[in-house]
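The values are calculated or read from the model by the stated rules, or taken from the named source; none is laboratory data. Worth saying up front: this structure is predicted, and the values here are computed from it rather than measured. Reconstructed Cβ throughout: ideal geometry from the backbone, glycine too, with neighbour counts over all protein chains shown. Ligands, DNA and RNA are excluded from the accessible area calculation, which covers all protein heavy atoms including side chains. Shrake-Rupley method; radii C 1.70, N 1.55, O 1.52, S 1.80 Å.
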Amino acid sequence: MSLKIQMVFGTRPEAIKMAPLARLLRNWPGVELFVCSTGQHREMLRQVLEAFELEVDEDLDLMTQSQTLNGLSQQLLLHLDESYARVRPDMVLVHGDTTTSFIAALAAFHRQIAIGHVEAGLRTGDLRSPWPEEANRSLTGVLADLHFAPTADARDNLLREGRSPASIEVTGNTVIDALLWMRDHQRASQWQPAADSPLAALDPDKRLVLITGHRRENFGKGFEQICQALAELAGRYPQVQFVYPVHLNPQVRGPVHALLDGLSNIHLVAPQDYPNFVWLMDRAHLILTDSGGVQEEAPALGKPVLVLREVTERPAVLEGGTVLLVGTDPVRIVAQTARLLDDAEAYRAMNRVFTPFGDGHASEKIAQRLTRWAQTRTSGSTQ
């Protein structure tokens, strides 16, 4: 059995979630892995690759200033088509819901290359939320030959859409593989942020609220309202440290710095590399986020999560009672954050480990399924 796989990713979250799988496939019997970065989050990607001691085989370096989704899609389609022509993979592996993933799948489909979709089957049912991620993930699912679903609910979504049961494998999510590996490494080594990091100045005796935000549907009014809520919370809880790694997108940085600069207990820091971010999550008292990945990671660490979105494509996280949707309404954000800061019983109810996304061995399950696919592909079977 010989299987040549081209793995494609371009953003920091994709790299984090694909890194444990890439590390495994580098040494998996019968697999030749070619890792291609499209380079949208260039500096943040570099940090992730270094943290996981992973090298890419090709960097397309497609990030440009003020890039539109259509402009990015055009460049992706052109350059990935050229890359596939050179590499000639048997399968292209993509992840999740980014524009990179959908266009990488489309380019592979046009060349009749098989497609494997990691983190497949998550749905909200609303193409505008999250936007454009819901459409990207759904369209990738239409094109994929193998669907690696993180949960049984994700598998059921795919079945309802007409995907063959034989093409779906419930694996758990590779983000849990990455998270638990990094957390255990840090705890065992008593890892701490570097002395010159702004994180080193945080007071270990004070509670820490971690905030992340980057979703396009929150651009404009949404981020302004989130920042208004954070400013009110900072004034109400002067002994609580609010730490916000601010995304590099100007539509995020603008309102965040305009409304939160100068507040002494709000620490606006640069985007953190993966080791620092895992340390922050592990250290946090609670987390406010609009990130899909953090919705999966934080409950696995036992951290309460308030989701700054109206809907989630990960409804499984809501079932455990450790994640709550609050949207971008300042009143709701302040009320629910205050409840978790003031009410010890309410906090304890959400402060527990819950993860429907696997046991940290998703990468092995994906590799095993790829082996079975390679062994049977010449017969036309997908078993």
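The residues in the range 157-194 that are over 18 Å from the mean Cα position of the chain (by Cα) and either among the hydroxyl-bearing types (S, T, Y) or more than 22 Å from Q368 (Cβ to Cβ) (or both) can be counted, and the count is 17.
Of all the criteria given as (1) more than 17 Å from the chain's Cα centre (by Cα); (2) over 20 Å from A120 (Cα atoms); (3) at pLDDT below 95; (4) buried (at least 16 other Cβ atoms within 10 Å of the Cβ), the one not satisfied by T382 is (2).
For beta carbons closer than 8 Å, sequence separation of 6+ or different chains, a first residue in the range 205-233 that is farther than 17 Å from P245 by Cβ and a second that is of a type in the set (S, T, Y) and not in a helix (DSSP H, G or I), the qualifying pairs are E217/S129; K221/T328; G222/T328; Q225/T328.
For V331, the test of being more than 30 Å from Q65 (Cα to Cα) and β-branched (V, I, T) is passed. Scan the range 141-175 for residues that are at pLDDT below 95 and among the β-branched types (V, I, T) and the total you get is 2.
Residues are listed down the side, and each one gets a yes or a no for (1) in contact (Cβ under 8 Å) with a residue 60 or more places away in the chain; (2) under 24 Å from K221 (Cα atoms); (3) of a type outside the set (S, T, N, Q):
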site	(1), (2), (3)
V294	yes, yes, yes
V305	no, yes, yes
L308	yes, yes, yes
A335	no, yes, yes
R339	no, no, yes
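If you go through the range 82-101 one residue at a time, how many are part of a helix (DSSP H, G or I), open to solvent by 40 Å² or more (accessible area, probe 1.4 Å) and not acidic (D, E)? Of the residues in that region, 2 qualify. Could you list, in sequence order, all residues of the range 65-76 that are part of a loop (DSSP other than H, G, I, E, B) and loosely packed, with under 12 Cβ neighbours inside 10 Å? Passing the criteria: Q65, S66, T68. The set of residues in the range 340-356 being under 27 Å from the mean Cα position of the chain (by Cα) and of a type in the set (D, E, K, R) consists of R348, R352. The set of residues in the range 128-152 being of a type in the set (A, V, I, L, M) and under 17 Å from N70 (Cα atoms) consists of A135, L139.
Of all the residues in the range 266-307, those that are part of a loop (DSSP other than H, G, I, E, B) and within 21 Å of E14 (Cα to Cα) number 7. Cβ separations smaller than 7 Å between residues 6+ apart or across chains give the following pairs from the range 40-67 residues that are more than 19 Å from I103 (Cβ to Cβ) and free of Cβ contacts under 8 Å to residues at least 60 places away in the same chain to residues that are of a type in the set (K, R) and not in a loop (DSSP other than H, G, I, E, B): L54/R23.
The residue that is least open to solvent (accessible area, probe 1.4 Å), among those in the range 349-379 that are closer than 21 Å to P89 by Cβ and at pLDDT below 90, is T376. Look at (1) without any contact (Cβ under 8 Å) to a residue 60 or more places away in the chain; (2) closer than 26 Å to F277 by Cβ; (3) open to solvent by 50 Å² or more (accessible area, probe 1.4 Å); (4) part of a helix (DSSP H, G or I) and you find that H79 fails only one, number (2). Across the range 311-329, not a single residue is classified as polar (S, T, N, Q), assigned to a helix (DSSP H, G or I) and open to solvent by 10 Å² or more (accessible area, probe 1.4 Å).
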